[in-house]
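This report concerns only the one structure given below.
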Amino acid sequence: MLELIPGGYIFSNIIIWAIIGLVIISTNIVPILLTIGALLMGYETITGKR
């Protein structure tokens, strides 16, 4: 299997982990955006941007 993939083991490993990472990010994109928004609001409140 690994002999058929150009670049060998490391190359295929990078692609597999990239796909896994994209799946994780895409399934959790709403909570991530909500968290970022909440952190930005909290940061602006603390730093006093009124």
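Descriptive notes on the structure:
- The 3J(HN,Hα) values that the Karplus relation (6.51, -1.76, 1.60; θ = phi - 60°) gives for segment 34-40 are, in residue order, 4, 5, 4, x, 5, 5, 5 Hz. Gly and Pro appear as x.
- Where labels lie 7 Å past Cα in the beta-carbon direction, separation of ILE14 and TYR43 in nm: 3.0 nm
Quick note: the coordinates plus some simple rules give every number you see, no bench work behind them. Keep in mind that this is a model prediction, so the values were computed, not measured. Methodologically, a virtual Cβ is constructed for each residue, glycine included, from the backbone with ideal geometry; neighbour enumeration extends over all protein chains shown.
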